[in-house]
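What follows is a set of notes on a single structure, which appears directly below.
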Amino acid sequence: MSYPKEFSGFQVPSAEKWLDLEKRTWEPRPFGDYDVDIKIECCGVCASDVHTARGDWGEMPYPFAVGHEVVGTVLRVGPKVTLTQVDQRVGVGAQVYSCLDCRHCKNNNETYCKEQVNAYGAPYPGTDCTTQGGYSSHTRIHEYW
């Protein structure tokens, strides 16, 4: 099976042009042992997408695609993935990463992890990549999420 080398989606170019989404492509972060590539089928629309796109909650790394509450089909899994399999339908929330090892993570409070990463507009640890949300063709996330 072939996997896309680039993902595409509708990105917000700037806070001033938040209504003028632009279709763009980007290279996803490197694929890891616990990663899952998902072909996005649908995505929720939320007021937080609007606030983030407009820059209401602070500076953002434009351009980026908003959208969380993603549903899609697993296309590829890393060699250490055990929680899902290819062709499985899955859902992804508003967070796509945490350390899974700190006190908060071990108590099912991952949103309080100092390393937690939001589904869009956030730097991904150990890379120079920004997370891209569900207004996209695909997403790459850690299997836990």
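The values are calculated or read from the model by the stated rules, or taken from the named source; none is laboratory data. The shown structure was predicted, so the numbers you read here are calculated from the model rather than taken from an experiment. When we count neighbours, we look across all protein chains shown, and the Cβ atoms used for this are built from the backbone with ideal geometry, even at glycine. For accessibility, only protein heavy atoms count, side chains too; no ligands or nucleic acids. Shrake-Rupley method; radii C 1.70, N 1.55, O 1.52, S 1.80 Å.
Name the pairs: first residue in the range 67-78 and more than 24 Å from L21 (Cβ to Cβ) and open to solvent by 40 Å² or more (accessible area, probe 1.4 Å), second residue at pLDDT below 95 and not in a strand (DSSP E or B), Cβ to Cβ under 6 Å, at least 6 apart or on different chains?
R76/Y3
For the range 1-19, name all the residues that are touching a residue at least 40 places away in the same chain (Cβ under 8 Å), part of a loop (DSSP other than H, G, I, E, B) and open to solvent by 70 Å² or more (accessible area, probe 1.4 Å).
Result: M1, Y3.
Hey, any hits in the range 107-118 for a residue that's more than 19 Å from V50 (Cα to Cα), among the basic types (K, R) and open to solvent by 50 Å² or more (accessible area, probe 1.4 Å)?
yes
If Y62 passes every condition in (1) at pLDDT 95 or above; (2) closer than 13 Å to T131 by Cβ but one, which one does it miss?
So Y62 meets the others, but not (2).
Identify the residue in the range 43-65 that is under 14 Å from A119 (Cβ atoms) and aliphatic (A, V, I, L, M) and, among all such residues, is surrounded by the most Cβ atoms within 10 Å (Cβ to Cβ).
Among those that are under 14 Å from A119 (Cβ atoms) and aliphatic (A, V, I, L, M), it is A65.
Cβ contacts < 6 Å: first residue among the small types (G, A, S), restricted to the range 32-54; second residue open to solvent by 60 Å² or more (accessible area, probe 1.4 Å), any location; separation 6+ or different chain. Result?
Close Cβ pairs satisfying both conditions: G44/E69; A53/W18.
Taking into account only those residues within the range 20-35 that are in a loop (DSSP other than H, G, I, E, B) and more than 12 Å from Q132 (Cβ to Cβ), which is least open to solvent (accessible area, probe 1.4 Å)?
Going through the qualifying residues, I end up with G32.
Consider R140 against the criteria (1) closer than 17 Å to F10 by Cα; (2) among the charged types (D, E, K, R); (3) open to solvent by 50 Å² or more (accessible area, probe 1.4 Å): it satisfies all of them except one. Which criterion is unmet?
Tallying (1) closer than 17 Å to F10 by Cα; (2) among the charged types (D, E, K, R); (3) open to solvent by 50 Å² or more (accessible area, probe 1.4 Å), R140 fails exactly one: (3).
If you go through the range 39-62, how many residues are closer than 16 Å to S137 by Cα and not acidic (D, E)?
Final tally of qualifying residues: 6.
When you scan the range 90-99, do you find a residue that is exposed (fewer than 14 other Cβ atoms within 10 Å of the Cβ) and among the polar types (S, T, N, Q), even just one?
No, every residue in the range 90-99 fails to be exposed (fewer than 14 other Cβ atoms within 10 Å of the Cβ) and among the polar types (S, T, N, Q).
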